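The values are calculated or read from the model by the stated rules, or taken from the named source; none is laboratory data. These numbers come from a predicted model, not from an experiment. FYI the Cβ positions are ideal-geometry reconstructions off the backbone, even for glycines, and counts take in every protein chain you see.
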C-alpha cells in the first residue's frame, strides 16, 4: 500500500510507498502501481543513473511517474497545464485501490 498526497503548491502527487523499490525494480513497481487498465495507459519508460521515469496517460492527458534514487523520492507530475487539474482525481483513483 502507498500513500498518495496532492501538493497543490507544486502541482504534483507525492507517493510514499510502504516499501521503497530498488532502482532496478522501479519499472516493475511502477507498472503494478499504475495498473488501472480501464483508466491508465503506459506510454514509455526511461531509466537514468539516478532518476527513472514512466510516462502514462489518464483522462486523455499525459503524466510522468518519477523515481529519484538518491533522494528516495517518488512523485507524479502532469505534462502541461491542461493535465494539472486531473491530479486530485488521479489521486482518488490510486486511493480507491488501497
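The criterion of being touching a strand residue (DSSP E or B) at 6+ places or on another chain (Cβ under 6 Å), in a strand (DSSP E or B), modelled with pLDDT of 95 or more and loosely packed, with under 14 Cβ neighbours inside 10 Å holds for residue 43. Which one of the conditions (1) in contact (Cβ under 8 Å) with a residue 40 or more places away in the chain; (2) within 14 Å of residue 3 (Cβ to Cβ); (3) surrounded by fewer than 17 Cβ atoms within 10 Å (Cβ to Cβ); (4) out of contact with any strand residue (DSSP E or B) (no Cβ under 6 Å at 6 or more places or on another chain) does residue 33 fail to meet, given that it meets all the rest? Unmet condition: (3).
Would you confirm whether or not the stretch 53-66 contains a residue that is touching a residue at least 60 places away in the same chain (Cβ under 8 Å), in contact with a strand residue (DSSP E or B) (Cβ under 7 Å, 6 or more places away or on another chain), in a strand (DSSP E or B) and closer than 20 Å to residue 87 by Cα?
Kept after step one, since they are touching a residue at least 60 places away in the same chain (Cβ under 8 Å), are these residues of the stretch 53-66: none.
No.
Yes or no: the stretch 74-82 includes at least one residue that is outside any helix (DSSP H, G or I), modelled with pLDDT under 95 and out of contact with any helix residue (DSSP H, G or I) (no Cβ under 6 Å at 6 or more places or on another chain). Yes, because at least one residue in the stretch 74-82 is outside any helix (DSSP H, G or I), modelled with pLDDT under 95 and out of contact with any helix residue (DSSP H, G or I) (no Cβ under 6 Å at 6 or more places or on another chain). Scanning the stretch 1-25 for residues that are modelled with pLDDT of 95 or more, outside any strand (DSSP E or B) and in contact with a strand residue (DSSP E or B) (Cβ under 8 Å, 6 or more places away or on another chain) turns up just one, 11.
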